[in-house]
Amino acid sequence: MEHGDEHDSGRLKRRPTPAQAIVAGVVLAFAVAVFLRQALQESGAAQSAAFYVGIPAVIAVIVVLSAPGRSAVGIVMKEITVLLLMSMMLLGEGFICVIIAAPIFYLVGALVAIAVEKIVPGRDDKTGLKIVVVPTLIVLASLEGVVPATTFAGPTTVSAAKVLDLAPAEVEAAWERPLDFDGTALPGVLSWGFPQPRSDSGGALEVGERRTVSFTGAHHRPLFVADHHWGEHITDLSFEVADRTPTSARLRIVEDTSPISSWLTWDMADITWRAVDASHTAVELDLTYTRELAPAWYFGPIEKAVVERAADYLIDSLDPTP
């Protein structure tokens, strides 16, 4: 008798083989993940832990339950890899989004797969408790950012400081000129697919004055590949000078149509400068923002590191040429 076949009252019944069960589980997990992504986007929770913890957890549970008796962690890792790659082709996700999301997807998927594997074959007295505790922990971990009560909010401020070979008056004038994005290469992680600054209008550092930084749209994608969810149009980030002293200026954000607004909300940009000597000036830029991505333990350090590099880049983009 072939594997997967059994007799029942004289009739031959075919049961799915383990390999067929795994394939069915992988397909089901992918379909459920796509459905959950769409549902979370429609509900406004696409940047919450329900997306970055809930989806890989659901994938792991489905795959483990469809592969009884086998180590499912490897299968879960493969399924998540396929899902991440297909999300760029079919769902319009960007390269940088996938790179940043991949570690937490793999981590949650592996932990949940191991936990569920411990539950399914268990026969001891604690099995019932495990069946309750593990799903409860998954649900609780997925709630951050879904509703205000489970959102760890609060502004974050990062700083960058440099000493420039310019007099204080020259530094002030440089801040009022458009930043030189064309002549300043994006460093490290900022060049991996984040929206790229295209131009800066410049503007006087006087209360009420405005300036706008424009960002390029996503690259055009080939046929049969979903358009980038950012779109190919130019987007803007607009500032207004809110406060001014002889050696500082505070700019508040008045509008942000860039894709960055889905990851964080800019609050303030504080610029200060002081003379070191007649030809050198210490410049500091403080950027204050509110994180929009959850969970905080994962995205908090990532956003802080990226914004720190952005602050450094903005100072490097100062144009000293009158």
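Nothing in this text is a laboratory measurement; each read-out follows from the coordinates by a stated rule. All values reported here derive from a predicted model rather than from experimental measurement. All Cβ positions, glycine included, derive from the backbone under ideal geometry; neighbour counts span all protein chains shown.
Values for this structure:
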{"item": "Footprinting exposure proxy for PHE152, PHE30, PHE51 (fewest neighbouring C-beta atoms within 10 Å first)", "result": "PHE152, PHE30, PHE51"}
{"item": "Ranked list, fewest to most other Cβ atoms within 10 Å of each Cβ, for ARG291, ARG309, ARG274, ARG252", "result": "ARG274, ARG252, ARG309, ARG291"}
{"item": "Once the Cα gyration tensor of the stretch 155-316 is diagonalised, semi-axes √(5λ) in Å", "result": "29, 17, 16"}
{"item": "Unit Cα scatterers, Debye sum, the chain: log10 I(q)/I(0) for q = 0.11, 0.13, 0.16 Å⁻¹", "result": "-0.80, -1.00, -1.29"}
{"item": "Projected label distance in nm at LEU140 and ALA204, using a 7 Å step from Cα toward the beta-carbon", "result": "5.8 nm"}
{"item": "Listed residues PRO168, PRO246, PRO103, most fluctuating in the chain (Gaussian network, C-alpha, under 10 Å)", "result": "PRO246"}
{"item": "Check: the chain dipole with +1 on Lys, Arg Cβ and -1 on Asp, Glu Cβ, in debye", "result": "1800 debye"}
{"item": "Value in Å of the Kirkwood radius, where the stretch 269-322 supplies the Cα pairs that are averaged", "result": "13.2 Å"}
{"item": "Charge-dipole axis of the stretch 155-316 as Lys and Arg at +1 and Asp and Glu at -1 on Cβ define it, positive-most pick from ALA275, PHE215, LEU251", "result": "PHE215"}
{"item": "When the convex hull of its Cα atoms is projected in every direction, mean area for the stretch 233-322 (nm²)", "result": "7.6 nm²"}
{"item": "Under the span-like rule (Cα at least 20 Å along the axis, Kyte-Doolittle mean at least 1.6), DSSP H helices of the chain", "result": "73-90, 95-119, 127-141"}
